[in-house]
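Here is the structure we will look at, set down as structure tokens.
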Amino acid sequence: MHRHTCATLIRAGVRVVGIVTCERRGLMANSRFLLGRIRRYGLTTTFGQVLGRIIDRAVNGRFDRARLADLIDQAKDRETIAAATVPRHQTASYSAAPTLSWIAGQDPDILVVHTKFIVGRRARALAKVAVLGGHPGVTPWYRGGFSVFWALLRGEPERVGWTVFLLDDGIDTGPVVRQNRLHFDPGVESHNSLGWRGMMEEAAAQAHFILQLDRGEAIPLLPIPVVPLDSYFGPPTLLDFLRFRRAQR
């Protein structure tokens, strides 16, 4: 999906001056990630989240792969990025000194953030105009991961959607640029495919707003005065998925 965001910006006519991708692979990186999850959620919850992910892939995997192929032409996205000859940088942290130096060297006006990793203050400060984020959920009520899943499980389909916002120090708490709800048929969508559709609409909206800024037009913002205490969600556990399946039936 991050590749599709890049390709969408390029096809819309946005001057993309660089692409930074963040990946953490290998046994050590995975071990640190797992230990971090255990410290945050506890061993029992983390184990339940792992089982939940396995069950989700087993139940929805085939449908999701087919739906993703319907939504996105991945070969076309790769061709778009390759043809644009955009400089790229690979990192394990957006706060790493070489990465900060590389971003500064591209002299960006705007940073578009599509990542599961934290983009800290030092990286955000390199954008002269704005740092534009996107979230496949309706903030501030659904922040963090799997927002579509949690909105559906909690019986709030009207809050299945996406948000384009300006990044701040919180997680999905910045001023809202645009929000939209997703209309869907529960029989032909999974929570994953709804999230992907949200990301696709986010990318188109981000390109639209960047071009507006480029023309010197003002973009109204909607601040979030209060963030609900129970609005941040992590990965569902096996029990959550079983409750979700029961609710679907």
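The values are calculated or read from the model by the stated rules, or taken from the named source; none is laboratory data. The structure presented is a predicted model; accordingly, all values stated were derived computationally and were not measured. Note that each Cβ is placed from the backbone with ideal geometry, even for glycine, and that neighbours are counted across all protein chains shown. Keep in mind that these areas ignore ligands, DNA and RNA; they rest on the heavy atoms of the full protein, side chains included. Shrake-Rupley method; radii C 1.70, N 1.55, O 1.52, S 1.80 Å.
Here are the numbers:
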| item | result |
| --- | --- |
| Extended-chain gain in nm, criterion 0.36 nm per residue less alpha-carbon gap, residue 75 and residue 154 | 24.8 nm |
| Net charge of Cβ neighbours under 15 Å - reference residue 78; Lys, Arg +1; Asp, Glu -1 | +1 |
| Extension gain, residue 141 back to residue 229 (0.36 nm per residue minus Cα-Cα distance, nm) | 30.8 nm |
| Å² per residue, accessible surface of the chain at 1.4 Å | 57 Å² |
| Ranked by how many other beta carbons lie within 10 Å on average, peptides 186-199, 64-77, 20-33 from highest | 186-199, 64-77, 20-33 |
| Mean separation of Cα contacts under 8 Å, 6 or more apart, over the residue count of region 64-205: relative contact order % | 21 percent |
| Contact order normalised by residue count of the chain, Cα under 8 Å, 6+ apart, percent | 26 percent |
| Computed lengthening from residue 84 to residue 23, 0.36 nm per intervening residue step minus Cα-Cα distance | 19.7 nm |
| Folded to 0 to 90 degrees: helix 2-12 orientation relative to the chain principal axis, Cα | 40 degrees |
| Overall dimensions of region 1-133 as given by Cα atoms, namely Rg and Dmax in Å | 17.7, 48 |
| Protection proxy ranking, peptides 175-181, 210-216, average beta carbon neighbours within 10 Å, highest first | 175-181, 210-216 |
| Crossing angle, helix 97-106 versus the chain [Cα axis fit, 0-90 degrees, rounded to tens] | 50 degrees |
| Those residues of region 121-152 whose amide nitrogen sits under 13 Å from the label point placed on residue 171, 7 Å along Cα→Cβ | 142-147 |
| Efficiency of FRET between residue 53 and residue 221 - r from beta-carbon atoms, R0 45 angstrom, step 0.05 | 0.80 |
| The chain: angle of helix 27-41 to the longest principal axis, Cα-based, in degrees nearest 10 | 60 degrees |
| Span from the region 69-126 Cα centroid across to the region 163-236 one, whole angstrom | 19 Å |
| Net charge of neighbours whose Cβ lies under 15 Å from the Cβ of residue 184, counting Lys and Arg as +1 and Asp and Glu as -1 | -3 |
